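> Handing you a structure now.
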Amino acid sequence: MKRIGLLSDTHSCLDDRYALHFAECDELWHAGDVGDALLLRHLEGLTPVFRGVRGNIDHGEVARRLPEVQNFRVEDVDVVMTHIAGYPGRYAPGVAGMLDAARPRLLVGGHSHILKVMPDKARDLLYINPGAAGHHGWQKVRTLVRFVIDGPEIRDLEVIELAKSR
(Lines give C-alpha, C1' and ligand atoms only; values in the text may rest on other atoms or scores of the structure.)
Protein backbone atom coordinates (compact mmCIF):
# COMPACT_ATOMS: atom_id res chain seq x y z
CA MET A 1 0.00 0.00 0.00
CA LYS A 2 1.27 3.46 -0.95
CA ARG A 3 -0.19 6.76 0.22
CA ILE A 4 0.06 9.37 -2.52
CA GLY A 5 -0.02 13.15 -2.26
CA LEU A 6 -0.82 15.01 -5.47
CA LEU A 7 -0.66 18.67 -6.40
CA SER A 8 -0.29 20.82 -9.49
CA ASP A 9 0.03 24.39 -10.64
CA THR A 10 1.85 25.70 -7.58
CA HIS A 11 3.35 28.54 -9.65
CA SER A 12 6.16 29.03 -7.07
CA CYS A 13 3.74 29.15 -4.12
CA LEU A 14 5.44 27.65 -1.08
CA ASP A 15 2.80 26.84 1.53
CA ASP A 16 3.84 25.27 4.85
CA ARG A 17 0.62 23.26 4.81
CA TYR A 18 1.98 21.08 1.97
CA ALA A 19 4.25 19.45 4.55
CA LEU A 20 1.36 19.03 6.98
CA HIS A 21 -1.02 17.44 4.47
CA PHE A 22 1.59 15.17 2.87
CA ALA A 23 3.37 14.11 6.09
CA GLU A 24 1.83 10.63 6.03
CA CYS A 25 2.39 10.11 2.30
CA ASP A 26 4.89 7.68 0.81
CA GLU A 27 5.07 9.59 -2.47
CA LEU A 28 4.39 13.14 -3.64
CA TRP A 29 3.50 13.79 -7.28
CA HIS A 30 3.45 17.20 -8.96
CA ALA A 31 1.55 17.49 -12.26
CA GLY A 32 3.43 20.52 -13.59
CA ASP A 33 3.80 24.28 -13.34
CA VAL A 34 6.03 23.98 -10.28
CA GLY A 35 7.46 27.45 -10.76
CA ASP A 36 10.91 27.87 -9.30
CA ALA A 37 13.69 25.45 -8.36
CA LEU A 38 13.57 26.42 -4.68
CA LEU A 39 10.01 25.11 -4.45
CA LEU A 40 10.96 21.96 -6.37
CA ARG A 41 13.77 21.22 -3.90
CA HIS A 42 11.39 21.83 -0.96
CA LEU A 43 8.75 19.47 -2.38
CA GLU A 44 11.34 16.77 -3.07
CA GLY A 45 12.14 16.66 0.64
CA LEU A 46 8.58 16.16 1.88
CA THR A 47 8.18 12.43 1.11
CA PRO A 48 10.48 9.48 0.48
CA VAL A 49 9.61 9.53 -3.26
CA PHE A 50 8.93 12.60 -5.41
CA ARG A 51 7.72 12.41 -9.01
CA GLY A 52 6.94 15.39 -11.18
CA VAL A 53 6.50 16.65 -14.70
CA ARG A 54 7.27 20.07 -16.09
CA GLY A 55 4.49 22.41 -17.08
CA ASN A 56 4.21 25.17 -19.63
CA ILE A 57 5.52 27.84 -17.20
CA ASP A 58 8.47 25.78 -15.97
CA HIS A 59 11.90 26.83 -17.21
CA GLY A 60 15.55 26.70 -16.19
CA GLU A 61 16.45 24.09 -13.59
CA VAL A 62 12.85 22.90 -13.17
CA ALA A 63 12.43 22.25 -16.89
CA ARG A 64 15.82 20.51 -17.07
CA ARG A 65 15.07 18.23 -14.12
CA LEU A 66 11.46 17.27 -14.82
CA PRO A 67 10.31 15.37 -17.92
CA GLU A 68 7.26 16.32 -19.95
CA VAL A 69 5.70 12.89 -19.36
CA GLN A 70 6.28 10.27 -16.68
CA ASN A 71 5.25 6.63 -17.08
CA PHE A 72 5.68 4.59 -13.91
CA ARG A 73 4.16 1.82 -11.81
CA VAL A 74 3.10 2.01 -8.18
CA GLU A 75 2.00 -1.26 -6.62
CA ASP A 76 -0.02 -2.85 -9.47
CA VAL A 77 -1.12 0.43 -11.07
CA ASP A 78 0.50 1.82 -14.23
CA VAL A 79 0.46 5.61 -14.23
CA VAL A 80 0.91 8.29 -16.90
CA MET A 81 1.45 11.84 -15.68
CA THR A 82 1.67 14.88 -17.95
CA HIS A 83 0.82 18.53 -17.40
CA ILE A 84 -1.47 19.19 -20.37
CA ALA A 85 -3.59 16.04 -20.62
CA GLY A 86 -7.07 17.34 -21.27
CA TYR A 87 -9.58 14.91 -19.78
CA PRO A 88 -11.64 11.90 -20.86
CA GLY A 89 -13.63 12.80 -23.94
CA ARG A 90 -11.45 15.89 -24.58
CA TYR A 91 -7.83 14.81 -24.45
CA ALA A 92 -5.08 17.18 -25.55
CA PRO A 93 -3.48 16.35 -28.93
CA GLY A 94 -1.41 13.19 -28.75
CA VAL A 95 -2.64 12.09 -25.32
CA ALA A 96 -5.21 9.52 -26.51
CA GLY A 97 -2.55 7.79 -28.62
CA MET A 98 -0.13 7.83 -25.70
CA LEU A 99 -2.79 6.26 -23.46
CA ASP A 100 -3.63 3.60 -26.04
CA ALA A 101 0.06 2.68 -26.27
CA ALA A 102 0.82 2.74 -22.51
CA ARG A 103 -2.55 1.39 -21.28
CA PRO A 104 -2.32 2.94 -17.77
CA ARG A 105 -4.92 2.53 -15.04
CA LEU A 106 -4.34 6.13 -13.87
CA LEU A 107 -3.82 9.36 -15.81
CA VAL A 108 -2.71 12.42 -13.86
CA GLY A 109 -2.83 15.89 -15.41
CA GLY A 110 -2.80 19.52 -14.38
CA HIS A 111 -2.87 22.83 -16.30
CA SER A 112 -6.59 23.64 -16.20
CA HIS A 113 -6.64 24.63 -12.49
CA ILE A 114 -9.90 22.64 -12.36
CA LEU A 115 -10.14 19.81 -9.83
CA LYS A 116 -11.51 16.83 -11.74
CA VAL A 117 -11.69 13.11 -11.00
CA MET A 118 -13.42 11.00 -13.62
CA PRO A 119 -13.23 7.61 -15.29
CA ASP A 120 -12.41 6.93 -18.91
CA LYS A 121 -14.53 3.82 -19.26
CA ALA A 122 -13.37 3.13 -22.82
CA ARG A 123 -9.74 2.91 -21.64
CA ASP A 124 -10.49 1.49 -18.17
CA LEU A 125 -8.58 4.26 -16.41
CA LEU A 126 -9.13 6.90 -13.77
CA TYR A 127 -8.25 10.54 -14.53
CA ILE A 128 -7.20 12.87 -11.72
CA ASN A 129 -6.45 16.58 -11.97
CA PRO A 130 -5.80 17.95 -8.46
CA GLY A 131 -6.69 21.52 -9.41
CA ALA A 132 -4.28 24.32 -8.51
CA ALA A 133 -2.29 24.58 -5.27
CA GLY A 134 -0.88 28.03 -6.02
CA HIS A 135 -2.29 31.53 -5.97
CA HIS A 136 -1.73 32.33 -9.66
CA GLY A 137 -4.79 31.71 -11.83
CA TRP A 138 -8.51 32.12 -11.66
CA GLN A 139 -9.36 29.31 -9.19
CA LYS A 140 -11.34 30.38 -6.16
CA VAL A 141 -10.14 27.55 -3.93
CA ARG A 142 -6.65 26.03 -3.85
CA THR A 143 -6.73 22.24 -3.73
CA LEU A 144 -4.54 19.21 -3.04
CA VAL A 145 -5.42 15.53 -3.37
CA ARG A 146 -4.45 12.46 -1.37
CA PHE A 147 -5.26 8.85 -2.20
CA VAL A 148 -4.08 5.30 -1.70
CA ILE A 149 -2.83 2.78 -4.22
CA ASP A 150 -3.18 -0.70 -2.76
CA GLY A 151 -2.27 -3.47 -5.19
CA PRO A 152 -4.53 -2.83 -8.20
CA GLU A 153 -6.89 -0.51 -6.28
CA ILE A 154 -6.98 3.28 -6.29
CA ARG A 155 -8.98 4.24 -3.22
CA ASP A 156 -9.61 6.63 -0.33
CA LEU A 157 -9.34 9.77 -2.46
CA GLU A 158 -9.46 12.97 -0.41
CA VAL A 159 -9.66 16.56 -1.64
CA ILE A 160 -8.01 19.11 0.61
CA GLU A 161 -9.08 22.74 0.28
CA LEU A 162 -6.38 25.13 1.43
CA ALA A 163 -7.96 28.56 1.30
CA LYS A 164 -9.50 31.01 -1.01
CA SER A 165 -7.02 32.30 -3.55
CA ARG A 166 -5.87 35.89 -3.29
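The values are calculated or read from the model by the stated rules, or taken from the named source; none is laboratory data. Computed from a predicted model, the values in this text were never measured in an experiment. Backbone-built Cβ (ideal geometry, glycine too); neighbour counts: all protein chains shown. Just the protein is used for accessible areas: all its heavy atoms, side chains included, with ligands, DNA and RNA removed. Shrake-Rupley method; radii C 1.70, N 1.55, O 1.52, S 1.80 Å.
> Which residues, taken from the stretch 38-58, are open to solvent by 70 Å² or more (accessible area, probe 1.4 Å) and within 24 Å of residue 114 (Cβ to Cβ)?
Answer for the stretch 38-58, where residues must be open to solvent by 70 Å² or more (accessible area, probe 1.4 Å) and within 24 Å of residue 114 (Cβ to Cβ): 54, 56.
> Please pick out the residue among 63, 85, 92 that is open to solvent by less than 50 Å² (accessible area, probe 1.4 Å), under 14 Å from residue 32 (Cβ atoms) and touching a helix residue (DSSP H, G or I) at 6+ places or on another chain (Cβ under 6 Å).
85
> Tell me yes or no: at least one residue of the stretch 143-156 is closer than 17 Å to residue 4 by Cα, of a type in the set (Gly, Ala, Ser) and touching a helix residue (DSSP H, G or I) at 6+ places or on another chain (Cβ under 9 Å).
no
> Taking the condition of being open to solvent by 70 Å² or more (accessible area, probe 1.4 Å), in contact with a Lys or Arg (Cβ under 9 Å, 6 or more places away or on another chain) and either in contact (Cβ under 8 Å) with a residue 40 or more places away in the chain or under 16 Å from residue 161 (Cβ atoms) (or both), how many residues in the stretch 106-143 meet it?
Here the count works out to 1.
> Take residue 73 and tell me if it is modelled with pLDDT of 95 or more, under 16 Å from residue 29 (Cα atoms), of a type outside the set (Asp, Glu) and in contact with a helix residue (DSSP H, G or I) (Cβ under 7 Å, 6 or more places away or on another chain).
Here the answer is no, as residue 73 does not meet what is asked.
> Determine whether residue 99 is surrounded by 20 or more Cβ atoms within 10 Å (Cβ to Cβ) and over 13 Å from the mean Cα position of the chain (by Cα).
Yes; evaluated as a whole, the condition is true for this residue.
> Answer yes or no as to whether residue 162 is touching a residue at least 60 places away in the same chain (Cβ under 8 Å), farther than 28 Å from residue 99 by Cβ and in a strand (DSSP E or B).
So residue 162 passes the test.
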